[in-house]
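First up is the structure itself, then whatever we jot down about it.
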Ligand code: MN
Ligand code: MN
């Protein structure tokens, strides 16, 4: 069951309403890195994760993300509460669709489930979640840098901080499974190229631990696949036969 409490998880108090900044904030409401994406991703992941403790963690964080969605929505509502004709032209989304949040990003693109990464294996899910948290943190930093309202900044700073906490939790969960620094997961072992790394961008090469032992660095990679089969396309244009060519000349065509 769901039980909603009307109090916010943290305060939301906008000092200077600015509809243009409200439109920026849509990025974290209906955007790819936004709270709706995170909330739904972690919530739905929890339906197929067998480990009870990790399932519980995903549900705790999913509900916190819904609380964040609520806070971002309230920020947008406050920023769009006093719109004059000038801001209506500068932030037309709210003039046309009404004030408050919508399932759009800052550029007016519709939210889509294609933003969500989930399914199959808990390691895939948790790694996708680290990526989601990194995206959210980065967007909050960009929003804070673009913001000149102290109250809004305080809320955004809290939201940025929580994404760091969530990333740390997901990393701990992977670490507990021995999967934080082991790229292999699932049931199909890799083939014998797993430790080969290829120098495929050549010139002023720089090296690092990603291409040192246990990896085998192939400085001048050679193709191993041979030439591909020539395409077969019955509909493609065919060269004219000699007989056809003569016939065309006889009819006076070139
Ligand atoms: Mn969040
Ligand atoms: Mn988060």
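Read-outs throughout are calculated quantities, based only on the coordinates presented, and are distinct from any laboratory measurement. The structure displayed is predicted, hence computed values, not measured ones. Ideal geometry is used to build each Cβ from the backbone, glycine not excepted, and the neighbour counts take in all protein chains shown.
Here residue 104 meets the list (1) more than 14 Å from ligand 2 (Cβ to nearest atom); (2) without any contact (Cβ under 8 Å) to a residue 24 or more places away in the chain; (3) under 24 Å from residue 134 (Cα atoms) almost entirely, failing just condition (2). Number of residues in segment 136-159 that are within 10 Å of ligand 2 (Cβ to nearest atom) and surrounded by fewer than 20 Cβ atoms within 10 Å (Cβ to Cβ): the value is 1.
Name the residues in segment 191-215 that are surrounded by 10 or more Cβ atoms within 10 Å (Cβ to Cβ) and under 26 Å from residue 124 (Cα atoms), would you? The answer is 193, 194, 195, 196, 197, 198, 211, 212, 215. Screening the candidates 159, 174, 180 for the property of being in a loop (DSSP other than H, G, I, E, B), within 30 Å of residue 27 (Cα to Cα) and touching a helix residue (DSSP H, G or I) at 6+ places or on another chain (Cβ under 8 Å) yields one hit, 180.
Restricting segment 38-57 to residues that are without any contact (Cβ under 8 Å) to a residue 40 or more places away in the chain, away from ligand 2 (no atom under 11 Å from the Cβ) and surrounded by 16 or more Cβ atoms within 10 Å (Cβ to Cβ) leaves a set whose member that is nearest to residue 139 (Cα to Cα) is 43.
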